[in-house]
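All remarks here apply to the structure that follows.
The values are calculated or read from the model by the stated rules, or taken from the named source; none is laboratory data. Remember, predicted model here, so these are calculated numbers, not experimental data. Here the Cβ is made from the backbone with ideal geometry for all residues, glycine too, and neighbour counts use every protein chain on show.
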Amino acid sequence: MKRTYKYLLIIISIVFSMQTLATQINRVSAIRVWADPDKTRIVMDVNSNIKHKIFKLKSPNRLVIDLKDTKIKRSVISQSNNNKGLLKGIRGAAKKDGYRVVLDLKKNLKVSSFFLKPNKKYGNRLVIDLFANSKSTTEKMVVKSTKSIKTKKDFVIIIDPGHGGEDPGAIGPKKTREKDVVLATAKKLAKKINAAKGFKAYLTRDGDYYISLRKRINLARKKQADLFISLHADAFRNSKVKGASVYTLSQRGASSEAAKWLASKENSSDLVGGVSLNDKDDVLASVLLSLSQTGTNNASKKLGNIIFKELGKKVILHNNKVENAGFVVLKAPDIPSILIELGYISNPKEEKNLKNSKHQNKLAVAINNGIKKYYDEYSKTALLRKTPAYPNKNNKNKKHTVSKGETLSLIAKKYNTSIDKIIKVNDLQDSQIRAGEKLVIPM
């Protein structure tokens, strides 16, 4: 009996050891590929922080990824949509000590890789980014468009479809993805804006890829944007919540608990979409600029109120006023910016509307009407104010032509004067100014 019991313990020990070894094997359950104008991203869903080695080969150009103690099913490799952007294809084979994944590249590229920890949407992820060695498509496009802006003096609007790529945003009961409906609406809006002479709209993304929050702001500044409008279609815990909303930036906190919750969700997009944690300090440094935002915030509120009224003529509104919250994407210090919730995708009826082309067009019409009304009103106070109300009688004052991106605080500091004095001598209603405007600087 004792011998039998001893053998039983040995068998149990062996089985337990085998199970332990089995759990130590790493697995890749899915591979996704995203391509944007600047890079191609390969994302692997993994069950742990896999030890891996990456190296490049030439003739032909390849990137080899050796994953230690890892198994991947053939179906995972074959099902990955792998002919995208800078990537020709993905193949792989088992090795003695793991698995080798080979990325066939279209040319010689720069490569970076990092791990992303689990969040509410995904588990562990290994991310490989492929960058072209030449100047990025986005940078070339920006330089070209900036020249055209200076020549034509267009009123430039940046439309920012939220989320994208690895970050689907909110998902409705019928699996409708936020990133898809906001992109479709953004394209319709851009088309309407560009149909009018003197107006030019640009999208922060025109396909299914993710752009970091910082880069969305930087794109707007490089384009010398006059307005920044971010489109979203979020979800809430209560599926009965409905209606469109408009938000502006709040430095002091959210105007409601719902606004606070929403801002927290949107600001975490970089973690979902996949931004290296090494970049975090730089991200915070770039958006928390210590510049005066008084004039920009006033303009944002004015834009928000006008668009809010126009939306109310076309769709149901969530509340009776423009709200504010600390959205990172609205923190460009020199560009009037608003965030529009097109509706709540968590509401079954609104989910159906949001993916309907006619409803998207209705939203685009309302927002476009708001932009035009804002422009008309703004033109009367700033754009058409060519000469200051108080002429330079004593020849001690100086004249200054406002450049793109300048604020009254920067101009006042440059000439060692105060914002209040500039406002008074030029008979300004507030600290909102526009590029091309001529100001008298009191000395």
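Brief remarks follow.
- Pair list, Cβ under 9 Å, 6 or more apart: the range 51-77 residue outside any loop (DSSP other than H, G, I, E, B), other residue aromatic (Phe, Trp, Tyr) and surrounded by 13 or more Cβ atoms within 10 Å (Cβ to Cβ): Ile65/Tyr99; Asp66/Tyr99; Leu67/Tyr99; Lys68/Tyr99; Thr70/Tyr99; Lys71/Tyr99; Ile72/Tyr99
- Restricted to the range 172-198, and to residues there that are of a type in the set (Gly, Ala, Ser) and not in a helix (DSSP H, G or I), the residue that is surrounded by the most Cβ atoms within 10 Å (Cβ to Cβ) is Gly172.
- Given (1) at pLDDT below 85; (2) over 25 Å from His163 (Cα atoms); (3) under 32 Å from the mean Cα position of the chain (by Cα), index of the condition Pro37 fails: (2)
- Failed item in (1) surrounded by fewer than 23 Cβ atoms within 10 Å (Cβ to Cβ); (2) over 10 Å from the mean Cα position of the chain (by Cα); (3) part of a helix (DSSP H, G or I); (4) of a type outside the set (Asp, Glu), with Arg214 passing the rest: (2)
- Summed over the range 223-243, the residues that are in a strand (DSSP E or B) and in contact with an Asp or Glu (Cβ under 6 Å, 6 or more places away or on another chain) give a count of 2.
- Qualifying position, being in a strand (DSSP E or B) and either of a type in the set (A, V, I, L, M, F, W, C) or at pLDDT below 95 (or both), among Ala220, Ala201: Ala201
- Subset of the range 293-322 [outside any helix (DSSP H, G or I) and either at pLDDT 85 or above or in contact with a Gly (Cβ under 7 Å, 6 or more places away or on another chain) (or both)]: Val315, Ile316, Leu317, His318, Asn319, Asn320, Lys321, Val322
- Residues located in the range 403-419, provided they are part of a loop (DSSP other than H, G, I, E, B) and over 14 Å from Ile335 (Cα atoms): Tyr415, Asn416, Thr417, Ser418
- The range 77-93, subset modelled with pLDDT of 90 or more and surrounded by 12 or more Cβ atoms within 10 Å (Cβ to Cβ), residue nearest to Leu109 (Cα to Cα): Leu86
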